[in-house]
Amino acid sequence: MNIIETRELTHIYRGKITALDGINFSAKPGERIAIIGANGAGKSTLFKHFNGILKPTSGDVLIKGESINNKNILDVRRTVGVVFQDPDDQIFAPTVKQDVAFGPMNLGLSPDEIEKRVRESLETVRLTGFEERAPHHLSTGEKKKVAIAGILAMRPEVLVLDEPTAGLDPGGAMRLIKLINEMNRYLGITIITGDAKAGRCACCCQIHS
């Protein structure tokens, strides 16, 4: 079974601007997929449909074979985590620890379980020791890792990253790509990335354009 599938997905903004037009897409558990398209091609709009941030104008989005609806939206967002292109759109807490803990707290988990998930997520993205740092004082690469850690703390099955290497120098980009690959290889997380250039994704993903 596909973990994510879209069927003739169309999204029109304000009834005038067609961002997506009849998109058919599927991802199986454990896959690594890169969606390539120029800025404005609709990648971000597509990704926001994968966990119900946006609703289709027409067509359907299925997670594990079930259409996204009001009854299953919380399960969908536990299954599919989206990391935005600009980490400042996603990071809001005064400390790294509080930011990463936000999702697990909203799941109603025990304090011990929240602490465990924060610790493990920060270990995964190699930010142990950053717990009390202010996220907005971090580098762009570190902010992206905090955003990823916040999603990982929710224990997703799918991680969607919108232009994950944007704004990073070549060294930072390669370190982040390595981290993404490790999450797929060792944690079994399905990885979907979007980028404007195929070269930035070719080393780690199946390419779709």
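Observations
Residue-wise test of (1) more than 17 Å from the chain's Cα centre (by Cα); (2) touching a residue at least 60 places away in the same chain (Cβ under 8 Å); (3) farther than 25 Å from TYR186 by Cα.
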residue: PRO87; (1), (2), (3): no, yes, no
residue: ARG126; (1), (2), (3): yes, no, no
residue: GLY129; (1), (2), (3): yes, no, no
residue: ALA134; (1), (2), (3): yes, no, yes
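- Residue under evaluation ASP99, criteria (1) touching a residue at least 40 places away in the same chain (Cβ under 8 Å); (2) closer than 27 Å to SER26 by Cα; (3) of a type outside the set (Lys, Arg), criterion not met: (2)
- So GLY129, is it outside any helix (DSSP H, G or I) and surrounded by fewer than 16 Cβ atoms within 10 Å (Cβ to Cβ): yes
- The number of residues in the range 104-115 that are touching a helix residue (DSSP H, G or I) at 6+ places or on another chain (Cβ under 9 Å) and among the charged types (D, E, K, R) comes to 2.
- Subset of the range 144-163 [in contact with a Pro (Cβ under 8 Å, 6 or more places away or on another chain), crowded, with 21+ Cβ neighbours inside 10 Å and charged (D, E, K, R)]: LYS144
- Among the strands (runs of 3 or more DSSP E) confined to the range 147-209, the ones with at least 3 residues that are modelled with pLDDT of 90 or more and within 20 Å of ASN39 (Cα to Cα) are located at 158-162, 190-195.
- Members of the range 1-22 that are within 18 Å of ILE68 (Cβ to Cβ) and among the charged types (D, E, K, R): GLU5, ARG7, GLU8
- Flag for PHE84 being farther than 26 Å from MET1 by Cα, of a type in the set (A, V, I, L, M, F, W, C) and surrounded by fewer than 14 Cβ atoms within 10 Å (Cβ to Cβ): no
- Residues located in the range 26-44, provided they are closer than 17 Å to VAL76 by Cα and either surrounded by 18 or more Cβ atoms within 10 Å (Cβ to Cβ) or under 14 Å from the mean Cα position of the chain (by Cα) (or both): ALA27
- Residue in the range 7-24 that is surrounded by fewer than 18 Cβ atoms within 10 Å (Cβ to Cβ), small (Gly, Ala, Ser) and under 17 Å from the mean Cα position of the chain (by Cα) present: no
- Some residue of the range 55-70 being free of Cβ contacts under 8 Å to residues at least 60 places away in the same chain, within 25 Å of GLU163 (Cβ to Cβ), within 16 Å of the chain's Cα centre (by Cα) and surrounded by 16 or more Cβ atoms within 10 Å (Cβ to Cβ): no
The values are calculated or read from the model by the stated rules, or taken from the named source; none is laboratory data. Since this is a predicted model, take the numbers as computed values, not measurements. Neighbour counts run over all protein chains shown; Cβ positions are idealised from the backbone, glycine included.
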